[in-house]
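> Dropping a structure here in structure tokens format, bear with me for questions.
What follows draws every value from the coordinates through simple rules; no lab data is involved. Source: prediction; values computed, not measured. Backbone-built Cβ (ideal geometry, glycine too); neighbour counts: all protein chains shown.
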Amino acid sequence: MENNIREKKFISVVIYLHDVQEYLRSFLDTVIPACEENFEQFEIVCVDDACQDHTMDVLKKYVEEHEVKAVVSIVHMSFFQGVESSMNCGRDAAIGDFVYEFDDIYVDYDARIIREVYDRLLAGNDIVAASSKGKMQFTSKIFYALYNQTSRGNGKIGPETFRIVSRRAINRIKSMGQYVPYRKAVYANCGLRMDTVLYESRHLMVRKRNKEVSPERTALAMDSFIYFTNVLERISAVISALFLGLTVGMGIYIILDMFNSRKPVEGWLSTMGFLALGFFGVFTLLTIILKYLSVMLNLIFRQQRYMVADVEKVVKE
């Protein structure tokens with residue numbers, strides 16, 4: 001339903017682009033009319049993560065043909081740097097009061113969802129995500145379940161299609177560190193109110209993913225366990241406990257054997273006792289090292305980690 005009164009807040013729309021010429025027009029046909037209908041002023045920040053196809057040509061042609069009224073900026077990354085670094089760059093370039101983050105341009109939702117997440121934000125939230133009720137990949141289910149079980153923070157994460165964040169949320173995460181390795185996790189643990197708008201996907205199958213960035217997303221998932229969870233510390237601690245139990249058991253066995261007439265193979269008890277104690281020491285040390293590295297990672301977060309080639313303004317001719 002068309003709104004008679006458009007919102008006066010200045011909106012930024014940050015879009016991640018990497019070899020997505022196939023879906024770009026459909027995405028723009030959904031997002032731009034929704035923004036024009038609902039907001040008086042908005043800008044579009046497109047992050048070109050080293051596109052090798054005709055994505056940029058499709059974008060520029062679309063802006064010219066449809067006479068898009070918003071200011072359209074293209075941030076060209078120096079080389080392929082992945083979703084998170086590119087979106088951090090786009091977020092830093094955005095100047096809006098509220099910022100939409102589209103790191104996935106596959107559209108399986110109705111345009112009204114774009115306005116609905118905004119309304120939820122005005123209802124007292126600082127971060128609102130849109131998420132499909134459709135099927136989720138099995139690997140994603142495992143990742144989110146394991147992550148939420150071992151996360152150092154209280155915030156839980158799940159699959160998201162896009163989100164809108166307030167300027168207060170952006171300032172909050174910037175104060176936590178310039179580099180954000182996994183925005184979803186940082187937003188979930190920044191201490192501000194969050195909400196999720198669930199929608200029925202137009203397609204019953206699992207949402208399509210850009211195959212070009214799938215390896216990068218897999219690597220990000222693995223890194224996230226190190227950055228935001230204590231799963232490695234837990235594994236190391238469990239193994240240390242097992243070897244401690246083995247060491248104690250071997251000690252008891254040796255003491256009991258001293259009063260037993262049956263003699264084992266010479267040197268066997270001392271060798272096994274030494275190995276059990278040695279492995280216990282190794283995994284205890286590993287636990288300490290992992291804890292130390294987790295502290296060091298917090299310092300690394302404060303380094304900015306993206307490189308921009310140039311920023312281009314797309315103007316109507």
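> Quick one: what are the phi-derived ³J(HN,Hα) couplings along the range 31-47, Karplus 6.51/-1.76/1.60 with θ = phi - 60°, whole Hz, x for glycine and proline?
7, 5, x, 5, 5, 5, 6, 9, 10, 6, 10, 7, 10, 10, 10, 9, 9
> Using θ = phi - 60° and the Karplus curve 6.51 cos²θ - 1.76 cosθ + 1.60, what whole-Hz ³J(HN,Hα) does each residue of the range 137-150 get, with Gly and Pro shown as x?
Calculated HN-Hα couplings, in order: 4, 4, 5, 5, 4, 5, 4, 5, 5, 5, 4, 5, 6, 10 Hz.
> Residue by residue, what Karplus-based ³J(HN,Hα) values in Hz, rounded to whole numbers, does the range 127-132 have, using 6.51, -1.76 and 1.60 with θ = phi - 60° and x for Gly and Pro?
After applying 6.51 cos²θ - 1.76 cosθ + 1.60, I find 9, 10, 10, 9, 9, 7 Hz.
> Please sort by residue number the GluC sites (Glu not before Pro) in the range 12-121 whose DSSP state is loop and whose Cβ has at most 16 other Cβ atoms within 10 Å.
Passing sites in the range 12-121 are E67.
> Taking the Cβ of R202 as the center, what net charge do the other residues with Cβ under 9 Å away carry, scoring Lys and Arg +1 and Asp and Glu -1?
-3
> Next question, about the same structure. Near the amide H of S201, under 5 Å away, which other amide H atoms are found, from residues 5 or more places off or on another chain, if H is placed in the peptide plane?
Correct list: K133, G134.
> With each pseudo-label sitting 7 Å past Cα toward Cβ, what's the K69-S26 distance in nm, one decimal?
Going from the K69 label point to the S26 one covers 2.8 nm.
> Projecting each Cα onto the charge dipole of the range 1-67 (Lys/Arg +1, Asp/Glu -1 at the beta carbon, about the Cα centre), which of F42, F27, Y62 comes out farthest on the positive side?
So the residue furthest toward the plus end is F42.
> Among the chymotrypsin sites (Phe, Trp or Tyr not before Pro) in the range 3-96, which ones are in a DSSP loop with at most 12 other Cβ atoms within 10 Å of the Cβ? Mind listing them?
Here the chymotrypsin sites (Phe, Trp or Tyr not before Pro) that fit, given the DSSP loop and packing criteria, are F79.
> While we're looking at this one, here's another question. For the pair E312 and L146, how long in nm is the line joining their label points, each one 7 Å along Cα→Cβ?
Result: 4.0 nm between the two label points.
> At 7 Å along the Cα-to-beta-carbon direction for both M136 and I289, put a label point, then send me their distance in nm to one decimal.
So the label points at M136 and I289 sit 3.4 nm apart.
> Using 0.36 nm times the number of residues separating V282 and I252, minus their current alpha carbon distance, what extension gain do you get? Spell out each step's value before the answer.
On the way: separation 30, 0.36 × 30 = 10.80 nm, distance 2.15 nm.
Contour length minus the Cα-Cα distance gives 8.7 nm.
> Oh, and also: Tell me which residues come under 5 Å, amide H to amide H, from V308 once H is placed; ignore anything under 5 positions away on its chain.
Amide H neighbours of V308, under 5 Å, 5+ apart: S78.
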